[in-house]
Amino acid sequence: MENMDERSEHIQQSIEKYEKCERSRNVTFFDVDALVKIIDHFIERLEFEKALEVTKYAFTLHPHSVNFTLKEAHLLALMGNEKGALTLLEKVEHVNPFDIEIHLLRGNIYNALEKYPSALASFRKALEMADEQKDDIYLSLAITYQNMSEYSRAVDYYKLCLLANPSNEVAMEEMVLSLEFSKRIPEGIEFYKLLIDEHPYGYMLWYYLGDLYTKQGSFEDAITAYDYTLLIKEDFAPALLDMAQALSFLEKFTEAIEKYKTAFEYCKPDAFTYYNIGECYENLHEFETARTYYKKAVKLSAEMSQAWFGIGVTFEEEDRWYEAIHYIKKAIELDDQNGEYWLGLGDCEYRLNNYEEAEECYRKVIDFDPENEDGWISYSELLAELNRPFEASEIINTALFYHHDNQELRYRQVVYLYQAGYQQDAYVRFAETMEKYPAGFAIIFELLPSLEFDTHIGDIIRNNR
């Protein structure tokens, strides 16, 4: 630790010495190592122009050093002058063709320019020259393939990277995406298990194993993996937060809340976590407490539409329609094409007998989110109640284009056709639906009890039992 402190102090002294020299415009000698560290200092602080000035100064002291040409190329690339950077790399390659950094930097520049085949060629050349620490080159190859949407090839190189260095966290994180897109998550799980067998105390390996289990929907296994993560590193907040989400998927909302709150001991609360806690309390029907956490979320992030909607839903659950409308409208202001929000607003307007406003909302639901089955059902119910059953049946007809196998929609159409005076059409549709979905017919009696006394309906039911 003392050595690290001494090195840090030495670097700071070099930076101060350089800045003093710059102010006085006197030429002061620095060795190559000190100048490289000063340049890196300014790069880390994103002060690229200043880093470039140091590089120019370094050339005056060490005109034959390849290090500073590479640094200049790196800086030009960071500043968006990729063409200039590539020209400098070509110049350096003539002098020192076996410098691995040339090919790595060139590969990164080609990646930024989306010239992926050239990037791959550069990284492969670097790989040929590398004797050790190949994991970063494998990582660069994997990321390039991922950029090309060749996810399966990317997975293969992420594996090589982690076999070479099982603690490469960038590879662990990025690999998840490629496993998902290449549909190789089960294979990824087995790979992580093998790594864990060799490195059982690698808490990040356990953590990403949990992540893969979560994506597979194996939430119990995910929780076990997160448990091991926390046994090794109890203050690792991401594992607590992800475990809480897995518990929520299992509808263990009280346990999930406990994990979220424990995470706050190790990390600063954010809007998304407050929102998740609010959702847990909402599912526990503790609406006032849920509202408290949704409000904490919007206080941290006023643009978080789902939290505004959550507040509205809690009021809706308490039959406080006017207050619900106020907050749901705030959510819609932020996301005016969200079908779920329009559905919530439509339901509130309907409860207040504002049928015209409700109809407008339901129409927006099916326009913006035709996959939302509840939107079609609510719209058809409203039309039927307004004594427009034929329109309701037509809405269901359109809904079936998106939800062909939804038996509730099909049985509702039977009722609406019947109410519209198209009894024969209703009988035909009922017989067709009964043949395919014989178990769901009772809904027609809930919607229209008088159908129990219709002999044709009774005959169709008996024929399909």
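Numbers below:
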quantity	calculated
Flag if residue 352 is under 23 Å from residue 422 (Cα atoms) and of a type in the set (A, V, I, L, M, F, W, C)	no
Condition check for residue 409: out of contact with any Cys (no Cβ under 6 Å at 6 or more places or on another chain) and either assigned by TED's automatic domain parsing to the domain that holds residue 302 or modelled with pLDDT of 95 or more (or both)	yes
Conditions (1) under 19 Å from the mean Cα position of the chain (by Cα); (2) farther than 23 Å from residue 187 by Cα; (3) surrounded by fewer than 16 Cβ atoms within 10 Å (Cβ to Cβ): number failed by residue 261	(1)
Selection count where residues are in a loop (DSSP other than H, G, I, E, B) and loosely packed, with under 14 Cβ neighbours inside 10 Å, scope segment 168-198	1
Subset of segment 49-71 that is surrounded by fewer than 18 Cβ atoms within 10 Å (Cβ to Cβ) and hydrophobic (A, V, I, L, M, F, W, C) - its residue that is nearest to residue 96 (Cα to Cα)	66
Residue count, segment 322-361 (criterion: in a helix (DSSP H, G or I) and under 23 Å from residue 303 (Cα atoms))	23
Residues within segment 62-83 that are at pLDDT 85 or above and either of a type in the set (Val, Ile, Thr) or touching an Asp or Glu at 6+ places or on another chain (Cβ under 9 Å) (or both), tallied	1
Search result, residues across segment 422-432 that are hydroxyl-bearing (Ser, Thr, Tyr) and farther than 15 Å from residue 459 by Cβ	422
Residue selected from segment 229-244 under the condition crowded, with 19+ Cβ neighbours inside 10 Å and assigned to a helix (DSSP H, G or I), by the criterion nearest to the chain's Cα centre (by Cα)	242
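Okay, residues lined up against (1) assigned to a helix (DSSP H, G or I); (2) surrounded by fewer than 22 Cβ atoms within 10 Å (Cβ to Cβ); (3) out of contact with any Cys (no Cβ under 8 Å at 6 or more places or on another chain):
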| position | (1), (2), (3) |
| --- | --- |
| 93 | yes, yes, yes |
| 106 | yes, no, yes |
| 124 | yes, yes, yes |
| 133 | no, yes, yes |
| 142 | yes, no, no |
| 149 | no, yes, yes |
| 156 | yes, yes, yes |
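The values are calculated or read from the model by the stated rules, or taken from the named source; none is laboratory data. Since this is a predicted model, take the numbers as computed values, not measurements. Reconstructed Cβ throughout: ideal geometry from the backbone, glycine too, with neighbour counts over all protein chains shown.
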